[in-house]
Amino acid sequence: MGLELASYGTEYYEEMADVDFSDSEVVSYVRDTLKSVAQGDTDRYNQLIGVMHHSEGLAPDEVALLVTSLKALSGVVSYVDIVLHEALLSSIFGMSMWNYGPDVVDALVELIKSLAVSNGVFVDSCLDMLVRNFMPPKSFISFLRLPRGCIIKDEVLNRVHAALTDIAYLVPLAPSRLLPIILRRMPNMFDNEALLVIYVESMFRLESSAIGELIGSTMLMAVVDRLVDLDVEIGWDEIIQEDASKGIFHMELEDVEETEDFVVKDGSKFSKGTMCGLNFGGNVVADKLDSLMLLTCQHLESCYDEGRLAKVFDTLLQSFRITILNAYKSKFAQFVMFYSCSLDPGSCAVRFANLLSDIFMCETHPPLTRMSAAAYLGSYLARAKFLSSSLISYMLKRLIGWCYKYIQIQDGEVKTINPEAHRIFYSGCQAVMYVLCFRMSSMVDVPPLKSQLFQMPLEQILHHPLDPLKVCLPSIVKEFLRQAKAARLFTVSENFLFSDLLESDSSKAFGGTERLDMFFPFDPCLLKKSDRFIRPNFVYWSMVRTTYDDDDEASGEEDDDNDDDDAARSFDEHGIDLDDFESSMNKMSITPKARAPMRMPAKIRPSTSPESL
């Protein structure tokens, strides 16, 4: 059919070339051609359609004819009938602007705008045609890497977005008709990365335009949804199954230099392109996610520069609650929130912390949602370098206050530990201890904050028969107690009574099959391209100054091997058998293969140690 129509186009060209038509005569000729279809005369009409089918290898005269025909059609759009001229409309709407030069594209855009304005029945088709031109033909993808390809990309997309803006201005209902088209045409996570990226670029461009005032929030949420789709698709377990003993989750990238080959902390060599060795090297889905995360961070940065981040952040908060908070195996999509908060520590960062604490404390939310909020809040307070110490102290006060009220309600009713029944309480306790592992030293160095911390009823909570020290993750408990002892956080001499810190049945029951007790959402981001936005705002464990000094730490490490008496005494004061404790920790080996299926095991450590916090 295409070849047949193309031959008609040749006949049309030859006929038009025989006569020197003026512009008005060409318009009249095309109008008569359209009108003749109603009388059953379709020869010239088929020839006109054939002109639209020419796209490659056009001679200058053929280009001129195509431009002339498109301009003539723009002048007679009132004669175009959606039924009689269906074939012509199909040819026009099927044209790809990426296949033509600027003259043809300009004429085509004018025709599309004229059709949209002339009759409401054409609006959806015109908008759909423009949205499809967000992406080039697949044959053009490799050309995008070349300078000339980038120039063509800019030329096409500038015209597409200008046309959308004009149509939205001339047809007030156009934006509401445009939104479902954009969402329907959005590439899925299995499509080519270049096409997905270039499409999302156009979505962000629309979000920043006047059209974005009406539909921008929905488009932004759609992008976040796609990030989560890609995130949960990454086969994390499969990536580390080859050799989980290499401890990929223990690797933090702050010391990695940009060299062709680098050596990570364990002395192993990995190439520059493997994104921290084992993680995601050659993983197509992770590469797509990384590219979209990079694009999203760049867009958020531009929103901040334009002074409209606060409005965009409203949408991000809503999207976080709906999509990310309870996402299955979310690993990296949440860093969109982290980065946006870093851009505005005085407002966005505080709002996010308040949202998380409010969700955790709200009894109307499902238990898993509240546990997830606690994990997010603890990880956020621990890792966000841009948070003020006063905000961290305030949030700890809220968490500890809630936990204290909880044990007051339980007084006299606790016979045995039931981690499943009190899992929300334990998630709050673990969040508190996790934050203090990172922040205790900086708090005790500031007298007002130290006073606030020492006045919080944390010791009463940990002494309660619910015994959070026995239920929470052992590695966090160990590091917390070590720092608390050095900081003299506890003021009374009562013992913390629990048998050992092995990953016990009680500890496992707290997290349940989902193991939310091991979920730390803002562990180091392992996506290479987008990491540059996160790294300057991120607290790595190696940056943390603990309440014990380096000499104490070195002594503690020696004691781990030699059962030093001084270290034993420091644990004895808390009722901990150091020999049993260290034996338990040495035996503990929790690998992805050994664990039950998890609901949210993002960046879970196979064997969590203080060094991996």
For segment 51-170, the percent of accessible surface on carbon and sulfur atoms (probe 1.4 angstrom, ligands and nucleic acids excluded) is 54 percent
Run the numbers on segment 36-167 and let me know its relative contact order in percent, using alpha-carbon pairs under 8 Å that are six or more apart. 26 percent
Just to verify a number: FRET efficiency for E25 and D61, C-beta to C-beta distance, R0 = 22 Å, to 0.05? 0.80
So what is the relative contact order for segment 303-355, in percent, with contacts set as C-alpha pairs under 8 Å and at least six apart? 31 percent
Roughly how much of K153 is accessible, in Å² to the nearest 10, using a 1.4 Å probe? 50 Å²
Per DSSP, loop chymotrypsin sites (Phe, Trp or Tyr not before Pro) in segment 314-379 with at most 13 further Cβ within 10 Å: Y328
Plugging the Cβ-Cβ distance of N418 and E363 into 1/(1 + (r/R0)^6) at R0 = 25 Å yields, to the nearest 0.05, a FRET efficiency of 0.85
Of the residues F352, L381, F313, the Cα lying farthest along the dipole of segment 305-442 towards its positive end, which is defined by charges on the beta carbon of Lys, Arg, Asp and Glu, belongs to L381
Between A162 and A310, the FRET efficiency computed from the C-beta separation at R0 = 25 Å comes out, to the nearest 0.05, as 0.35
Quick check on packing: order 529-542, 417-430 by the mean number of other C-beta atoms within 10 Å, highest mean leading. 417-430, 529-542
From the phi angles alone, apply the Karplus equation (6.51, -1.76, 1.60; θ = phi - 60°) to segment 115-120 and give each ³J(HN,Hα) in whole Hz, x where the residue is Gly or Pro. 5, 4, 7, 6, 8, x
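The values are calculated or read from the model by the stated rules, or taken from the named source; none is laboratory data. Everything numeric in this text was worked out from a predicted model, so none of it was measured. Here the Cβ is made from the backbone with ideal geometry for all residues, glycine too, and neighbour counts use every protein chain on show. Surface accessibility is based on the protein's heavy atoms, side chains included, excluding ligands, DNA and RNA. Shrake-Rupley method; radii C 1.70, N 1.55, O 1.52, S 1.80 Å.
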